[in-house]
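Colleague: Below: one structure in structure tokens.
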Amino acid sequence: MSRTPAPTRPYVLLSCAASIDGYIDDTSDKRLLLSNDDDLDRVDAVRASCDAILVGAGTVRRDDPRLLVRSASRRAERVAEGRPASPAKVTLTARGDLDPTARFFTAGDPTRLVYCATGALEKTRERIGRLATVVDAGEPVDPAWLLSDLAARGVRRLMVEGGGTVHAQFLAAGLADELHLVVAPFFVGDARAPRFVGEGSFPWHPGRRARLVEARQIGDVVLLRYALSERCTES
């Protein structure tokens, strides 16, 4: 498929919370709470600063996130600035296995974009085409092209909230500018549980360390903010 990419890509901020031993969930049926109220409010402020929020289809299925700005004052401030109350919702899928009743599609009224592998395009459009804009993103889904397409749609700042597979894709491709990693004060200790990125070849290694720009205690968790490109500043 022939595409003409936009000349720029959005600023990409990755956000994740993990246990001390690097797990982002456990193997129970309940969602593992890794953060606290103060940190969730910080995440809400980051969401409010972005034009779009991206999660993988697996996160849509497993966590059923709303992906909305929670604070009424932050929503009002966005509206006063001429922006939607919450950022656009974005997901990517290889198989099109998305539930049209998921809160990604039913909560709030932001723009919804689904970037789909070519082979699952027809299936995806049949399932959720009336609820979201379904975009052919190649086979397999190409994150670099996805970012170019988002830029062409006016997205200048993108927050990627996971899960681990999506974070690994953006990191391995060198498409991330900033990482917010929150460490929760406990261990999961179960190799069956999902981790914050698995094996891969990443641009940051012992010979090229990521730059730590902030370490902040927020109650019983710690925020580590890493600069992953020259676009990231300390402020």
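Colleague: Can you name the number of the only condition in (1) farther than 15 Å from ARG157 by Cα; (2) open to solvent by less than 40 Å² (accessible area, probe 1.4 Å) that VAL55 fails?
Modeller: Unmet condition: (1).
Colleague: Another one. Would you mind telling me which numbered condition in (1) open to solvent by less than 40 Å² (accessible area, probe 1.4 Å); (2) without any contact (Cβ under 8 Å) to a residue 40 or more places away in the chain; (3) under 30 Å from ASP220 (Cα atoms); (4) of a type outside the set (Val, Ile, Thr) PHE104 fails?
Modeller: If we test PHE104 against (1) open to solvent by less than 40 Å² (accessible area, probe 1.4 Å); (2) without any contact (Cβ under 8 Å) to a residue 40 or more places away in the chain; (3) under 30 Å from ASP220 (Cα atoms); (4) of a type outside the set (Val, Ile, Thr), just (2) comes out false.
Colleague: While we're here: When you scan the range 139-163, how many residues do you find that are out of contact with any strand residue (DSSP E or B) (no Cβ under 6 Å at 6 or more places or on another chain) and open to solvent by 10 Å² or more (accessible area, probe 1.4 Å)?
Modeller: The qualifying residues number 12.
Colleague: While we're on this one: Filter the range 38-62 for residues that are touching a residue at least 60 places away in the same chain (Cβ under 8 Å) and acidic (Asp, Glu); which is nearest to ARG216 (Cα to Cα)?
Modeller: So, considering only residues that are touching a residue at least 60 places away in the same chain (Cβ under 8 Å) and acidic (Asp, Glu), the one nearest to ARG216 (Cα to Cα) is ASP39.
Colleague: With respect to HIS167, determine if the residue is in contact with a strand residue (DSSP E or B) (Cβ under 6 Å, 6 or more places away or on another chain) and open to solvent by 10 Å² or more (accessible area, probe 1.4 Å).
Modeller: Values: in contact with a strand residue (DSSP E or B) (Cβ under 6 Å, 6 or more places away or on another chain): yes; open to solvent by 10 Å² or more (accessible area, probe 1.4 Å): no.
So HIS167 does not fit the description; no.
Colleague: In addition: With the checklist (1) touching a Ser or Thr at 6+ places or on another chain (Cβ under 7 Å); (2) open to solvent by 50 Å² or more (accessible area, probe 1.4 Å); (3) of a type in the set (D, E, K, R) in hand, flag the one item ARG195 doesn't pass.
Modeller: Among (1) touching a Ser or Thr at 6+ places or on another chain (Cβ under 7 Å); (2) open to solvent by 50 Å² or more (accessible area, probe 1.4 Å); (3) of a type in the set (D, E, K, R), the lone unmet condition for ARG195 is (1).
Colleague: Considering each of SER229, SER201 in turn, give the residue that is over 14 Å from the mean Cα position of the chain (by Cα), among the hydroxyl-bearing types (Ser, Thr, Tyr) and open to solvent by less than 50 Å² (accessible area, probe 1.4 Å).
Modeller: Working: SER201 fails: open to solvent by less than 50 Å² (accessible area, probe 1.4 Å).
Going through SER229, SER201 in turn, just one is over 14 Å from the mean Cα position of the chain (by Cα), among the hydroxyl-bearing types (Ser, Thr, Tyr) and open to solvent by less than 50 Å² (accessible area, probe 1.4 Å): SER229.
Colleague: Would you say SER49 is open to solvent by 40 Å² or more (accessible area, probe 1.4 Å) and more than 12 Å from the chain's Cα centre (by Cα)? Can you show your working first?
Modeller: Working: open to solvent by 40 Å² or more (accessible area, probe 1.4 Å): yes; more than 12 Å from the chain's Cα centre (by Cα): yes.
So SER49 fits the description; yes.
Colleague: Identify the residue in the range 8-21 that is β-branched (Val, Ile, Thr) and assigned to a loop (DSSP other than H, G, I, E, B) and, among all such residues, is surrounded by the fewest Cβ atoms within 10 Å (Cβ to Cβ).
Modeller: Our first condition is that a residue be β-branched (Val, Ile, Thr); within the range 8-21, this holds for 8, 12, 20.
Now restrict to residues that are assigned to a loop (DSSP other than H, G, I, E, B): 8, 20.
Numbers: THR8: 11, ILE20: 13.
So the residue we want is THR8.
The values are calculated or read from the model by the stated rules, or taken from the named source; none is laboratory data. For clarity, every value in this text was computed on a predicted model and none was experimentally measured. Quick reminder, even Gly has a Cβ in these numbers, built from the backbone with ideal geometry, and neighbours come from all protein chains shown. Surface accessibility is based on the protein's heavy atoms, side chains included, excluding ligands, DNA and RNA. Shrake-Rupley method; radii C 1.70, N 1.55, O 1.52, S 1.80 Å.
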